[in-house]
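The block underneath contains the structure these notes are about, expressed in structure tokens.
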Amino acid sequence: MSGPDRDDPHARASDEERGRAARLVQGAMGDGRLTPVQGEERLAGIAAAEHRDELKAFTEDLEASPPPHGRQDETGPPPATGAEAPTSSVSLLRATVRRGEWAPGPEHTVLAFMGGAQLDFRDARLDPRGTTVRVFAIMGGVVIIVGPDVEVRCDGRGAMGGFADLSGPPTTPPPFPAPPLHVTGAAIWGGVEIRRRDREPLPPA
């Protein structure tokens, strides 16, 4: 059975729900349903929203109207459970750190609103098909760290902010291709940096 607050619009919003709302807005910006300014305003509101009904106010018209030509946008509702489900990190006036062995899934959304986030993918269990990281840095900063063997593709855009891919090409090609990392999104009065570092040695047994 559903939990008592599963369908309660006044319940507090989770990070996963904020991430899904941000993906809907980004999809609408990409296909022209929202202008960049409109999208940036909604993303700021989503990052600051505390309850589900606040989130719904930013996405209700986007869920009601499908993308043009019946195209199913990749930012639509994510799978509900399991390894295929997208994941999220939210930094609202605080710092968030992800490191060690963690599973971002095929898609990880980052919302940094007047806060910071550091995502270390060196020991993360990346999806074998690759992982997309959607970053929305609004008056905040995000640092992404990758290992020596990961290929990075970055196409995020900035408005009074920007994306800086400082990773360069892989320095240690593995015997088998490593899953690629695609970094996209928007930096609004904020910044996103991608850096490459060697993996830390394992502690002695």
(request) Could you pull out the residue among Asp165, Asp149, Asp123, Asp155 that is among the charged types (D, E, K, R), open to solvent by 20 Å² or more (accessible area, probe 1.4 Å) and touching an Asp or Glu at 6+ places or on another chain (Cβ under 6 Å)? (result) Asp123
(request) Output the number of the condition that Met160 fails; it satisfies all remaining conditions of (1) out of contact with any Lys or Arg (no Cβ under 6 Å at 6 or more places or on another chain); (2) among the hydrophobic types (A, V, I, L, M, F, W, C); (3) on the phi < 0 side of the Ramachandran plot; (4) open to solvent by 10 Å² or more (accessible area, probe 1.4 Å). (result) (3)
(request) Being of a type in the set (D, E, K, R), exposed (fewer than 15 other Cβ atoms within 10 Å of the Cβ) and modelled with pLDDT of 55 or more is the filter here, so list the residues in segment 45-77 that pass it. (result) Glu50, Asp53, Glu60, Asp61, Glu63
(message) If a residue must be over 17 Å from Pro179 (Cβ atoms) and among the β-branched types (Val, Ile, Thr), how many such residues does segment 144-168 contain?
(response) 0
(request) Take the residues in segment 30-44 that are touching a residue at least 40 places away in the same chain (Cβ under 8 Å) and farther than 16 Å from Trp189 by Cβ, then tell me which one is least open to solvent (accessible area, probe 1.4 Å). (result) Asp31
(message) Restricting to segment 87-101, name every residue that is outside any strand (DSSP E or B) and open to solvent by less than 20 Å² (accessible area, probe 1.4 Å).
(response) none
(message) Restricting to segment 30-58, name every residue that is part of a helix (DSSP H, G or I), of a type in the set (A, V, I, L, M) and within 17 Å of the chain's Cα centre (by Cα).
(response) Leu43, Ala44, Ile46, Ala47, Ala48, Leu55
(message) All but one of (1) open to solvent by 20 Å² or more (accessible area, probe 1.4 Å); (2) assigned to a helix (DSSP H, G or I); (3) at pLDDT 85 or above hold for Val25; state the number of the condition that does not hold.
(response) (1)
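The values are calculated or read from the model by the stated rules, or taken from the named source; none is laboratory data. Given the structure is predicted, the values throughout are model-derived calculations rather than measurements. Counting neighbours? That spans all protein chains shown, and the Cβs are built from the backbone with ideal geometry, glycine included. When the accessible area is computed, the model is the full protein with side chains, heavy atoms only, and any ligands, DNA or RNA have been set aside. Shrake-Rupley method; radii C 1.70, N 1.55, O 1.52, S 1.80 Å.
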